[in-house]
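Asks: Before we start, here is the structure in question, set down as structure tokens.
The values are calculated or read from the model by the stated rules, or taken from the named source; none is laboratory data. Predicted model only: the values in this text are computed from it and were never measured. For neighbour counting, all protein chains shown are included, and Cβ atoms are generated from backbone atoms with ideal geometry for every residue, glycine included. Quick note on the areas: whole protein, heavy atoms, side chains included, nothing else; ligands and nucleic acids left out. Shrake-Rupley method; radii C 1.70, N 1.55, O 1.52, S 1.80 Å.
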Amino acid sequence: MLGNVGSYTAPNAANGVSIGQKAIVAWAKWVNSHGGVNGHPIKLIQKDNKGDQALAVTQVKELVEQDHVVAFVAQQDGSLNAGYADYLKEKNIPVLGGSVFTIDPWVGNPMFYPQGLTAIPDITALVAIAKNAGYKKVGSLACSEASQCAAANSLVKGLSAKGGIDYVYGGLVSSTAPDYTANCLAAKDAGADIVMLLIPTADEGRKIADDCARQNYKPAWIIPGEAIGAGYLETDAFNNAFNAAGVLPWFSKDPALKDFKAAMKKYTDINFTTAEEPLNANDAWVSGLMFQKAVELSGVTGAPTSADILGGLAKFNNETLGGLAGGLTFTDIQDKNQGCYFTIEIKKQKFTLPDSSTPACVAMS
């Protein structure tokens, strides 16, 4: 019995939330059609917290105390997990993957296991990509709608300095702004040759790039986390844009994605050629694979318990899950930062993997 909680009908739900929701259901159906886990079918119970913190806590407690779930997979409720993190720690119920871009509880809480890069490793990786590509000065534009956005600019500034590249500009932008000319001119005057877009949608990103181009300012772009999607291919402004994916992305032709692609085609209506934030599907799939691998490594032969799953997760040491993860290590449950990723680069308005399906890694010490 597995649980999954997400902000699926929240007023401002991100595009990728529903993709993650569909993908984890597809994973469960695929596994069940191939014999289940240890001969037992997976029963996945999903709950929609509608973006409400109190409801998220109530639903998690119901799933634990009434439905007796042994773990949660592919949680899609962003920062709301902070409301029930201590409860799950008390109950020893693990959470395997989901929307992991926040730092805690994914790093410090012993019950939370990220399937890829949380905020600090992701930005560290993106800084490394920019430096290795020869860029000298980085700027960032963050959404102005939430307090954590301003904090994200500060994070980029600190991690840029640590990564050996100059941070020269940080600005806040609203999705409802009539234009972004002032931000573009400020970044241009600061000399930023590559700019990180800490914003929610490709539509806003295109407007920013267009306004900058009108000022004859055409920097390279960095698109963090799961925000990268088809909308960034609609203009040549994002050629040479970069992303660090914690899981092997949907467009790869690597045979490791064979089951993923078959399950998505059979059990979902996701159109990956037009989808925004499609990486959420790969995140969810890898979350499911984490559960399967944890059960395998635990050695249990019947229906697994939460203790079995935790025991198996503790044995993850550079675990790639057949090549779909960058390399997951959970030997220290007090520090579960993951530093391995697949570099995505947009070239000729197409997604590419310049390093093929070979992950790169950054040190997390």
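Asks: Name the residue that is nearest to the chain's Cα centre (by Cα), counting only residues in the range 4-38 that are in a loop (DSSP other than H, G, I, E, B), of a type in the set (G, A, S) and at pLDDT below 95.
Replies: Among those residues, the one meeting the criterion is A14.
Asks: Mind listing just one residue for me: the one in the range 179-214 that is in contact with an Asp or Glu (Cβ under 6 Å, 6 or more places away or on another chain) and part of a loop (DSSP other than H, G, I, E, B) and, of those, modelled with the lowest pLDDT?
Replies: D179
Asks: How many of the residues in the range 318-357 are farther than 21 Å from Y232 by Cα and in a loop (DSSP other than H, G, I, E, B)?
Replies: 20
Asks: Name the residue that is nearest to Q115 (Cα to Cα), counting only residues in the range 53-79 that are in a loop (DSSP other than H, G, I, E, B) and in contact (Cβ under 8 Å) with a residue 40 or more places away in the chain.
Replies: Selected residue: D77.
Asks: Being surrounded by fewer than 21 Cβ atoms within 10 Å (Cβ to Cβ) and not polar (S, T, N, Q) is the filter here; which residues of the range 136-149 pass it?
Replies: K136, K137, C143, E145, A146, C149
Asks: Those residues that are out of contact with any helix residue (DSSP H, G or I) (no Cβ under 6 Å at 6 or more places or on another chain) and assigned to a helix (DSSP H, G or I), I need them from the range 265-282; list them, please.
Replies: K265, K266, N282
So that you can scan it fast, the table gives a plain yes or no per residue for (1) open to solvent by less than 30 Å² (accessible area, probe 1.4 Å); (2) under 20 Å from N243 (Cβ atoms); (3) over 15 Å from the mean Cα position of the chain (by Cα); (4) charged (D, E, K, R):
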{"site": "L96", "(1), (2), (3), (4)": "yes, no, no, no"}
{"site": "T102", "(1), (2), (3), (4)": "no, yes, no, no"}
{"site": "Y113", "(1), (2), (3), (4)": "yes, no, no, no"}
{"site": "A119", "(1), (2), (3), (4)": "yes, yes, no, no"}
{"site": "D122", "(1), (2), (3), (4)": "yes, yes, no, yes"}
{"site": "A125", "(1), (2), (3), (4)": "yes, yes, no, no"}
{"site": "G134", "(1), (2), (3), (4)": "no, yes, yes, no"}
{"site": "G158", "(1), (2), (3), (4)": "no, no, yes, no"}
{"site": "A161", "(1), (2), (3), (4)": "no, no, yes, no"}
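Asks: Being open to solvent by 40 Å² or more (accessible area, probe 1.4 Å), hydroxyl-bearing (S, T, Y) and in a loop (DSSP other than H, G, I, E, B), is that true of even one residue in the range 215-224?
Replies: Checked against the condition, which is being open to solvent by 40 Å² or more (accessible area, probe 1.4 Å), hydroxyl-bearing (S, T, Y) and in a loop (DSSP other than H, G, I, E, B), the range 215-224 yields no hits at all.
Asks: Between residues in the range 13-27 that are surrounded by fewer than 24 Cβ atoms within 10 Å (Cβ to Cβ) and hydrophobic (A, V, I, L, M, F, W, C) and residues that are assigned to a loop (DSSP other than H, G, I, E, B) and modelled with pLDDT of 95 or more, which pairs lie under 7 Å by C-beta distance while being six or more apart or on different chains?
Replies: Going by the 7 Å Cβ cut-off, the qualifying pairs are A26/T268.
Asks: While we're here: With A303, A314, A307 as the choices, which residue is surrounded by fewer than 23 Cβ atoms within 10 Å (Cβ to Cβ), modelled with pLDDT under 95, over 11 Å from Q115 (Cα atoms) and among the aliphatic types (A, V, I, L, M)?
Replies: Going through A303, A314, A307 in turn, just one is surrounded by fewer than 23 Cβ atoms within 10 Å (Cβ to Cβ), modelled with pLDDT under 95, over 11 Å from Q115 (Cα atoms) and among the aliphatic types (A, V, I, L, M): A303.
For every residue, the table says whether it meets (1) closer than 30 Å to L159 by Cα; (2) over 17 Å from the mean Cα position of the chain (by Cα); (3) touching a residue at least 60 places away in the same chain (Cβ under 8 Å).
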| residue | (1), (2), (3) |
| --- | --- |
| Q215 | yes, yes, no |
| A237 | yes, yes, no |
| N240 | yes, yes, yes |
| K265 | no, yes, no |
